[in-house]
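Only one structure is covered here, and it is reproduced in the block below.
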Amino acid sequence: MELSGEIFSRIFSLGKNYLIASSLEPQELKNSLEMDSQDPSEQSEGVEGTESPEEVEDELILKLLNDDCLFHIMSYLNLHELIVAERVCERFAAVVKRVYKSYRVLDFQLFYGFWNRHLSNPETKEIALRVGKHVHTLRAASYAFGIGPREIPSFVSTHLKGLKNIQLERFQIANEGAVRQLADVFKGVTVAKLDSCDAIDEIVMQLLKLEQLEVLELPNNRNLYGRFLQRLTNIKELSLEACSGISRQNFREFCEQHPNLRSLNIISCYWIDRLGLQSICANLKNLEKISISVDYVDVEAEDYLVLGNLPKLKHLEISSFSDNLIGVRNMNVLLMKLSTYNRLEYLDLTEKNLTVDTEKALRNFTKLKELNLSLIFNCKDSTLDSLSCDKTLQYLQIPYSDITQQGLEKLIARCSALRFIGLYGCDNIDDAFIESILEHLKGRSHMLELGVDRYKFHREEYGNFLGVNPSKLKLTFK
């Protein structure tokens, strides 16, 4: 069968690893099985059809593995591979059906990436038929299903009945009949994301049981007015990113009625004004995470200062055009205010223009666990020197920055809690950097993972270094 050889090879490789990990003695068992399984008529040399040593070994590996072991191995296969494997033999089919029952997430975007082509209707139905009744999370984007109508495929309402979490992108949800069918399928949903789905208030209110939603993300739906907001009685996390049509009055009323909201994303919501920010701070006292723009048209720098009054705020994501001088000023004013309270544990400044004032503010954040400085071309050694979160920093993203090996080594030496650093696109970081940091990793209880460019780090060269301290450093390639 086409592709089966590649899949078999993977299964057998996993099988060998499983036997080794289980402390079995595969060679002894293999010798025994070979004696039992050989047919004298097939032992003569040159008999046509005699299996090669590799084929005999593969067959014996399968005999060594009981169905539970095989289930464990096949759990590592993706759905595409499982569908092929189930057609091999009755034993494989039985084990694969057990694997299907363990599936909880169905992600059609992964299939699109794996096959590198659009999925046909028969393929999607075949997949949904096998795992649909066991799945509670669906992720799908219209581009995975080819060019044509952007309606949600019919298999969703036919085969996926137990959904709790839906994440849909670029579908057009307008047909009333389809909405009624989907509403029945989505009746148990508590987490929903509709990205760029041309949604309007009436469709959202018909499609979802808003009263039971805990998480709702509606990015890039420009025709929403916000009438649905009042019905989100149980909501904990809300994203209105780039929803440009929301009524200011509807938003303020939502804030007044939902004091238990924990997360709010209002990036690129240019209807936000001073009263909107004041309503957030006056009513959303339990807010832990906020994602905002610092270049709202009707907001002055001083207006952002009220965000410092959010008593539980720990996670801040800031967005603006990097070359917007007003946005940079507003960002620095806000960061300096928040740094005086020193509550933040997560800060995302992706694509921002860092200044001396930004670095001054960073010096005061001593509790940061995660810091994202991605795509900041003027992020340099002095930026790392300004960080004061030596004891808490665990995750750092600095891709495409101007950091040097010396500056990064100094940071690693003093930040003993670091677990991951993203270094993709950093021109100054290469193989030579690895040997210089191994000494700093000794005595640490956890591993440090570095995300690096494959073309700069050659396996032959860093392999010798890792042998010195193999459990303390991991390289992830891009």
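The values are calculated or read from the model by the stated rules, or taken from the named source; none is laboratory data. Remember, predicted model here, so these are calculated numbers, not experimental data. Cβ atoms come from the backbone with ideal geometry, glycine included; neighbour counts cover every protein chain shown. Please note that ligands, DNA and RNA were not included when accessible areas were found on the heavy atoms of the full protein model with its side chains. Shrake-Rupley method; radii C 1.70, N 1.55, O 1.52, S 1.80 Å.
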- If a residue has to be more than 26 Å from the chain's Cα centre (by Cα) and surrounded by 18 or more Cβ atoms within 10 Å (Cβ to Cβ) to count, how many in the range 412-443 make the cut? 5
- Message: Looking only at residues that are open to solvent by less than 20 Å² (accessible area, probe 1.4 Å) and assigned to a helix (DSSP H, G or I) in the range 41-68, which one is modelled with the highest pLDDT?
- Response: ILE61
- Message: Against the condition buried (at least 18 other Cβ atoms within 10 Å of the Cβ) and among the hydroxyl-bearing types (Ser, Thr, Tyr), how does SER374 come out, does it pass?
- Response: yes
- Among (1) in contact with a Ser or Thr (Cβ under 8 Å, 6 or more places away or on another chain); (2) closer than 24 Å to ARG444 by Cα; (3) of a type in the set (Asp, Glu), ASP385 falls short only on (1)
- Message: Just to be sure I understand, how many residues within the range 276-294 are in contact (Cβ under 8 Å) with a residue 40 or more places away in the chain and either touching a helix residue (DSSP H, G or I) at 6+ places or on another chain (Cβ under 6 Å) or open to solvent by 20 Å² or more (accessible area, probe 1.4 Å) (or both)?
- Response: 2
- Task: Considering only the range 370-478, give the helices (runs of 4 or more DSSP H) lying wholly within it that have at least 1 residues that are at pLDDT below 90.
- Result: 432-441, 459-466
- Message: For the structure I just gave you, tell me whether ALA301 is within 19 Å of ASN353 (Cβ to Cβ) and surrounded by fewer than 19 Cβ atoms within 10 Å (Cβ to Cβ).
- Response: yes
- Message: If a residue must be open to solvent by less than 60 Å² (accessible area, probe 1.4 Å) and over 18 Å from ASN378 (Cβ atoms), how many such residues does the range 306-318 contain?
- Response: 8
- Task: Please list, ordered by first then second residue, the pairs with beta carbon atoms under 6 Å, 6 or more apart or interchain, first in the range 347-372 and within 14 Å of TYR395 (Cα to Cα), second aromatic (Phe, Trp, Tyr) and surrounded by fewer than 18 Cβ atoms within 10 Å (Cβ to Cβ).
- Result: GLU370/TYR346; GLU370/TYR395
- If you take the residues in the range 191-218 that are open to solvent by less than 10 Å² (accessible area, probe 1.4 Å), touching a strand residue (DSSP E or B) at 6+ places or on another chain (Cβ under 7 Å) and not in a loop (DSSP other than H, G, I, E, B), which one is nearest to HIS136 (Cα to Cα)? ALA192
- Being open to solvent by 40 Å² or more (accessible area, probe 1.4 Å) and in contact with a helix residue (DSSP H, G or I) (Cβ under 7 Å, 6 or more places away or on another chain) is the filter here, so list the residues in the range 341-356 that pass it. TYR341, ASN353, THR355
- Message: Would you confirm, using the coordinates I've provided, whether LEU229 is within 26 Å of LEU368 (Cβ to Cβ), in a helix (DSSP H, G or I), open to solvent by less than 10 Å² (accessible area, probe 1.4 Å) and modelled with pLDDT of 95 or more?
- Response: no
- Query: Is it the case that LEU163 is at pLDDT 90 or above, touching a helix residue (DSSP H, G or I) at 6+ places or on another chain (Cβ under 7 Å) and not in a helix (DSSP H, G or I)?
  - Reply: yes
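One line per residue, one yes/no per condition, for (1) open to solvent by 10 Å² or more (accessible area, probe 1.4 Å); (2) out of contact with any helix residue (DSSP H, G or I) (no Cβ under 6 Å at 6 or more places or on another chain); (3) not hydrophobic (A, V, I, L, M, F, W, C):
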{"position": "LEU240", "(1), (2), (3)": "no, yes, no"}
{"position": "GLN249", "(1), (2), (3)": "yes, yes, yes"}
{"position": "ARG252", "(1), (2), (3)": "yes, no, yes"}
{"position": "GLN257", "(1), (2), (3)": "yes, yes, yes"}
{"position": "LEU261", "(1), (2), (3)": "no, yes, no"}
{"position": "ASN265", "(1), (2), (3)": "yes, yes, yes"}
{"position": "CYS269", "(1), (2), (3)": "no, yes, no"}
{"position": "ARG274", "(1), (2), (3)": "yes, no, yes"}
- Message: Suppose the filter is surrounded by 14 or more Cβ atoms within 10 Å (Cβ to Cβ), over 26 Å from the mean Cα position of the chain (by Cα) and closer than 26 Å to ILE267 by Cα; does ILE173 pass it?
- Response: no
- Item | Selection from the range 392-411 of residues that are open to solvent by less than 50 Å² (accessible area, probe 1.4 Å) and hydroxyl-bearing (Ser, Thr, Tyr) | THR392, SER401, THR404
